[in-house]
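Single-structure report; data block below.
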Amino acid sequence: MSGARRTVVFLVGAAACLSFLAVGCSSKTTVTQADVSKWKSYDKPGFRARFPSEPTRQTQHISQSGLNIDLTIYTSDLGTSHYTVSYVTYPSSVDVSNPQNNLNGAVNGALQSSGIENPHVVKQVPNIVSGSPGMEVEASADNGYLLLEAILKDHTLFQVLTANDKSAPPVAAQPFIDSVTLK
(Lines give C-alpha, C1' and ligand atoms only; values in the text may rest on other atoms or scores of the structure.)
Protein backbone atom coordinates (compact mmCIF):
# COMPACT_ATOMS: atom_id res chain seq x y z
CA MET A 1 0.00 0.00 0.00
CA SER A 2 1.42 3.38 -0.92
CA GLY A 3 2.01 6.01 1.76
CA ALA A 4 -0.52 8.34 0.16
CA ARG A 5 -3.23 5.70 0.14
CA ARG A 6 -2.50 4.63 3.71
CA THR A 7 -2.86 8.23 4.90
CA VAL A 8 -6.12 8.77 3.03
CA VAL A 9 -7.60 5.51 4.31
CA PHE A 10 -6.68 6.42 7.90
CA LEU A 11 -8.31 9.85 7.61
CA VAL A 12 -11.48 8.35 6.16
CA GLY A 13 -11.74 5.91 9.06
CA ALA A 14 -10.95 8.55 11.65
CA ALA A 15 -13.49 11.04 10.37
CA ALA A 16 -16.28 8.49 10.21
CA CYS A 17 -15.65 7.25 13.75
CA LEU A 18 -15.23 10.71 15.21
CA SER A 19 -18.58 11.73 13.78
CA PHE A 20 -20.18 9.01 15.92
CA LEU A 21 -18.40 9.26 19.19
CA ALA A 22 -18.26 13.06 19.32
CA VAL A 23 -22.04 13.29 19.73
CA GLY A 24 -23.34 13.55 23.28
CA CYS A 25 -25.49 10.63 24.35
CA SER A 26 -28.16 10.99 26.95
CA SER A 27 -31.51 9.54 25.90
CA LYS A 28 -32.65 5.92 26.07
CA THR A 29 -33.45 3.76 23.05
CA THR A 30 -36.65 1.74 23.23
CA VAL A 31 -37.24 -1.57 21.49
CA THR A 32 -39.89 0.07 19.29
CA GLN A 33 -37.50 2.84 18.18
CA ALA A 34 -34.81 0.31 17.34
CA ASP A 35 -37.11 -1.67 15.00
CA VAL A 36 -35.33 -0.99 11.70
CA SER A 37 -38.30 -2.31 9.70
CA LYS A 38 -40.15 0.85 10.80
CA TRP A 39 -37.30 3.17 9.84
CA LYS A 40 -37.53 5.08 6.58
CA SER A 41 -35.39 4.09 3.62
CA TYR A 42 -33.29 6.92 2.20
CA ASP A 43 -31.80 7.02 -1.28
CA LYS A 44 -28.46 8.80 -1.27
CA PRO A 45 -25.74 9.05 -3.92
CA GLY A 46 -24.27 5.57 -4.32
CA PHE A 47 -26.34 3.79 -1.66
CA ARG A 48 -29.70 3.21 -0.03
CA ALA A 49 -30.16 2.60 3.72
CA ARG A 50 -32.75 2.64 6.48
CA PHE A 51 -32.08 5.35 9.07
CA PRO A 52 -34.09 6.13 12.25
CA SER A 53 -34.50 9.72 11.00
CA GLU A 54 -33.42 11.88 8.06
CA PRO A 55 -29.62 11.60 8.12
CA THR A 56 -27.56 14.76 8.29
CA ARG A 57 -24.97 15.18 5.55
CA GLN A 58 -21.47 16.46 6.11
CA THR A 59 -18.63 16.75 3.62
CA GLN A 60 -15.01 16.95 4.71
CA HIS A 61 -12.29 17.83 2.22
CA ILE A 62 -9.11 15.85 2.77
CA SER A 63 -5.87 17.01 1.23
CA GLN A 64 -2.96 14.76 2.11
CA SER A 65 0.19 13.58 0.33
CA GLY A 66 -0.83 15.15 -2.95
CA LEU A 67 -4.34 13.67 -2.93
CA ASN A 68 -7.45 15.83 -2.73
CA ILE A 69 -10.66 13.96 -1.92
CA ASP A 70 -14.03 14.64 -0.37
CA LEU A 71 -15.41 12.43 2.38
CA THR A 72 -19.21 12.44 2.52
CA ILE A 73 -20.85 11.35 5.78
CA TYR A 74 -24.55 10.66 6.45
CA THR A 75 -25.41 10.27 10.14
CA SER A 76 -28.59 9.67 12.12
CA ASP A 77 -28.74 9.27 15.90
CA LEU A 78 -31.21 7.42 18.07
CA GLY A 79 -30.69 7.77 21.79
CA THR A 80 -27.15 6.71 22.58
CA SER A 81 -26.75 4.92 19.24
CA HIS A 82 -25.34 6.42 16.05
CA TYR A 83 -25.85 5.17 12.50
CA THR A 84 -23.56 6.37 9.72
CA VAL A 85 -22.77 5.68 6.10
CA SER A 86 -19.75 7.47 4.67
CA TYR A 87 -17.94 7.25 1.39
CA VAL A 88 -14.94 8.57 -0.46
CA THR A 89 -14.07 8.09 -4.11
CA TYR A 90 -10.37 7.57 -4.59
CA PRO A 91 -8.67 9.15 -7.59
CA SER A 92 -7.50 6.74 -10.28
CA SER A 93 -3.93 7.08 -8.96
CA VAL A 94 -4.88 5.05 -5.86
CA ASP A 95 -4.29 1.33 -6.37
CA VAL A 96 -7.41 -0.71 -5.64
CA SER A 97 -6.24 -3.88 -7.41
CA ASN A 98 -6.05 -5.71 -4.07
CA PRO A 99 -9.28 -4.65 -2.30
CA GLN A 100 -8.29 -6.48 0.90
CA ASN A 101 -5.42 -4.01 1.41
CA ASN A 102 -7.79 -1.06 1.08
CA LEU A 103 -10.38 -2.63 3.38
CA ASN A 104 -7.82 -3.56 6.03
CA GLY A 105 -6.44 -0.02 5.87
CA ALA A 106 -9.92 1.45 6.28
CA VAL A 107 -10.67 -0.78 9.26
CA ASN A 108 -7.31 -0.09 10.92
CA GLY A 109 -7.77 3.63 10.36
CA ALA A 110 -11.20 3.55 11.95
CA LEU A 111 -9.94 1.62 14.97
CA GLN A 112 -6.88 3.86 15.45
CA SER A 113 -8.78 7.14 15.27
CA SER A 114 -8.61 9.45 18.25
CA GLY A 115 -12.35 9.06 18.97
CA ILE A 116 -12.05 5.39 19.90
CA GLU A 117 -10.22 4.63 23.14
CA ASN A 118 -8.35 1.30 23.41
CA PRO A 119 -10.30 -0.66 20.78
CA HIS A 120 -10.39 -4.44 20.99
CA VAL A 121 -11.53 -6.35 17.90
CA VAL A 122 -14.21 -8.87 18.85
CA LYS A 123 -14.85 -10.11 15.30
CA GLN A 124 -13.38 -9.39 11.85
CA VAL A 125 -14.62 -11.25 8.76
CA PRO A 126 -14.41 -10.59 5.04
CA ASN A 127 -17.71 -10.57 3.16
CA ILE A 128 -19.41 -9.49 -0.07
CA VAL A 129 -21.91 -6.60 -0.11
CA SER A 130 -23.93 -5.84 -3.23
CA GLY A 131 -21.35 -7.82 -5.22
CA SER A 132 -18.40 -5.84 -3.84
CA PRO A 133 -15.66 -6.96 -1.41
CA GLY A 134 -16.24 -5.96 2.21
CA MET A 135 -14.91 -6.40 5.72
CA GLU A 136 -17.12 -6.51 8.81
CA VAL A 137 -15.60 -5.65 12.17
CA GLU A 138 -17.06 -5.60 15.65
CA ALA A 139 -15.01 -3.80 18.30
CA SER A 140 -15.26 -2.93 21.96
CA ALA A 141 -13.57 0.19 23.32
CA ASP A 142 -13.27 1.99 26.65
CA ASN A 143 -15.77 4.61 25.47
CA GLY A 144 -18.21 2.49 23.50
CA TYR A 145 -18.91 -0.28 21.07
CA LEU A 146 -18.97 -0.27 17.29
CA LEU A 147 -19.89 -2.40 14.35
CA LEU A 148 -18.23 -1.37 11.09
CA GLU A 149 -18.51 -2.62 7.55
CA ALA A 150 -16.04 -1.32 4.98
CA ILE A 151 -16.92 -1.96 1.33
CA LEU A 152 -14.86 -1.20 -1.76
CA LYS A 153 -16.97 -0.71 -4.89
CA ASP A 154 -14.67 0.10 -7.79
CA HIS A 155 -12.77 3.21 -6.60
CA THR A 156 -15.27 4.16 -3.89
CA LEU A 157 -14.79 3.13 -0.26
CA PHE A 158 -18.01 2.95 1.76
CA GLN A 159 -18.03 2.65 5.55
CA VAL A 160 -21.21 1.64 7.34
CA LEU A 161 -20.80 2.24 11.04
CA THR A 162 -22.89 1.95 14.17
CA ALA A 163 -21.62 3.02 17.55
CA ASN A 164 -22.80 3.76 21.06
CA ASP A 165 -21.42 4.40 24.54
CA LYS A 166 -22.31 0.90 25.82
CA SER A 167 -20.46 -2.41 26.15
CA ALA A 168 -22.49 -4.10 23.38
CA PRO A 169 -23.50 -3.03 19.87
CA PRO A 170 -26.58 -0.86 19.37
CA VAL A 171 -29.79 -2.91 19.31
CA ALA A 172 -30.32 -2.18 15.61
CA ALA A 173 -26.65 -2.39 14.54
CA GLN A 174 -26.79 -5.49 12.34
CA PRO A 175 -30.22 -4.74 10.85
CA PHE A 176 -28.99 -1.21 9.96
CA ILE A 177 -25.83 -2.56 8.33
CA ASP A 178 -27.89 -5.17 6.48
CA SER A 179 -30.25 -2.42 5.21
CA VAL A 180 -27.46 -0.79 3.21
CA THR A 181 -27.37 -1.58 -0.50
CA LEU A 182 -24.93 -0.07 -2.96
CA LYS A 183 -26.07 1.32 -6.29
(Q) Once ligands and nucleic acids are excluded and a 1.4 Å probe is used, how much of Ile128 is accessible, expressed in Å² to the nearest 10? (A) 120 Å²
Q. What lysines could a cross-link reach from Lys166, if we take a straight Cα to Cα line under 30 Å and drop same-chain neighbours fewer than 8 places away?
A. Lys28, Lys38, Lys40, Lys44, Lys123
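Would you mind putting 146-156, 92-102, 70-80, 47-57 in packing order, based on average other-beta-carbon counts within 10 Å, highest first?
146-156, 70-80, 47-57, 92-102
The values are calculated or read from the model by the stated rules, or taken from the named source; none is laboratory data. Everything numeric here is computed off the predicted structure, so don't read it as measured data. Backbone-built Cβ (ideal geometry, glycine too); neighbour counts: all protein chains shown. When the accessible area is computed, the model is the full protein with side chains, heavy atoms only, and any ligands, DNA or RNA have been set aside. Shrake-Rupley method; radii C 1.70, N 1.55, O 1.52, S 1.80 Å.
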